[in-house]
DNA sequence: CTCCAATTTTAAGACAACCTTAAGACTTTT
DNA sequence: AAAAGTCTTAAGGTTGTCTTAAAATTGGAG
């Protein structure tokens, strides 16, 4: 996990770097706004800790500039500017959290971790109603009962579950699950959807895998 | 945007409710932990504001219970427990933010909005009165109730909603929805407009889809 | 290497959902 | 009152999906 710290007070920067490295984060420090913004835009970080008052570009400017390009990257302000107006200005500029100096390192650490948590996209455990799927163990269960699936069945279910509440078109499915990248039409998908529904015993009122006629399928909580 | 407030001090709850409703949020209040948890698990909210000390189940327990099932839902603690240990405990239990009482409403509001931002930025939702249409989920609802639509119905409604407050001529509709690029006259459009109105239960005084005689149709907020 | 079992793919008929058409009722305009 | 445009309904006709079974392929054991 890569953290970028943009902070000009060397004492604070070192203190943070040391503390975060002890927690096994990979830390990069910039002591001015210009470098900070440049690094933020060109390298890949998982989170940014940002001071407000900086030589070069101010924290606010950096924050706004990052948000122009990247709306996902978590940005935490870390600043001595502690009035209500400033707090709001900081949050409005696109930050995800606003921590006022002086702060406890333990709280900063915890607030930092909050933003790593929600990155469930690479989680190995997926859930859909009473259905659980673990990609690592290649294991699927429903109501605590294991459901043995074949390779293709598993891959198809995984794709649907990773895209929960999003439509998977037939083309997307053929591409991702079957790795076929040209015009193709056959009933394979239907056959496997059918066998998934059967094995998972999806009745009328447990319609987790719905068909979107003319388009594809969707996995939905009900 | 639906907000659930779980708070037993009526004064604070009312204050929050009023403030948030002025900002056009839809607010639900629970004055005890048991109801709060139940509502959080059974209804659909976009964010939860949670007191720590509550009659029934404590905020911490609620937070953990929600996280068992839903790792995405933003949870904000809002509490008088302001020590470092408590803050950390709150965040560790799965909360996304931890706001200490007394707080400024403006800051609370801003911190709440932080969590809507990233949803909104990549939203695929269109709104027309109480009607919501999500292209990605191929989902339409009115007053929180799902309205199942067919392909063509969906495409037609999507076109009208994308052009909200703009007239869609019959020719434009036939071109975009039916992909027919030559002179064509038949009642298809009328039939589908009719079935949309029926399924969406658009009465006289909810005339979201209006006829522009001789030209086409228009979707309008009323 | 060969055979067997399990998995994957193809194919086809049955089925259901959807789209289109057309015709008559209704509304608005001239 | 006539004409033009729209609404409503219901009956085919079409298309996409489900289901089943058999053929083809793969992977592992002997």
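Across chain B, C-alpha contacts under 8 Å between residues 6 or more apart give a mean separation that, scaled by the residue count, equals a relative contact order of 13 percent. Using a 7 Å projection from Cα along Cα-to-Cβ, the label point at residue A:152 is separated from the same position in the remaining copies by 3.4 nm, smallest value first. Label points for residue A:181 are taken 7 Å from Cα along Cα→Cβ. From this copy to the others they lie 2.8 nm apart, shortest first. Calculated mean residue ellipticity, 222 nm, chain B: -13000 deg cm²/dmol, from DSSP H runs (n ≥ 4) at -39500 (n - 2.57) each, averaged per residue and rounded to 500. To one decimal in nm, how far is residue B:169 from the same spot in the other copies, if labels go 7 Å from Cα toward Cβ? Please give the shortest first. Inter-copy label distances (nm, one decimal, shortest first): 2.8. When you count the other C-beta atoms within 10 angstrom of each residue and take the mean per peptide, B:24-33, B:47-56, B:185-194 line up highest first as B:47-56, B:24-33, B:185-194. Working from Cα pairs under 8 Å separated by at least six residues, relative contact order for segment A:160-222 is 51 percent.
In this simple spin-label model, placing a label point 7 Å from the Cα along the Cα-to-Cβ direction at both residue B:118 and residue A:151 gives a separation of 3.6 nm. Taking the DSSP bridge list for segment B:1-149 and keeping only pairs wholly inside it, about 40 percent are antiparallel. Computed extension length for residue A:24-residue A:186: 53.4 nm, one decimal, from 0.36 nm per residue of separation with the Cα-Cα distance subtracted. DSSP assigns beta bridges within the protein assembly as shown; of those with both partners inside it, close to 50 percent run antiparallel.
Sorting the segments B:157-164, A:129-136 by their mean number of nearby beta carbons within 10 angstrom, highest to lowest, gives B:157-164, A:129-136. For segment B:1-80, the relative contact order works out to 33 percent when only alpha carbon pairs closer than 8 Å and six or more residues apart are counted. Shielding value for B:145-151 is 1, the average number of Cβ atoms from other chains within 10 Å of each residue's Cβ.
Every read-out reported here was derived from the displayed coordinates using simple, explicitly stated rules and does not represent laboratory data. Computed from a predicted model, the values in this text were never measured in an experiment. All Cβ positions, glycine included, derive from the backbone under ideal geometry; neighbour counts span all protein chains shown.
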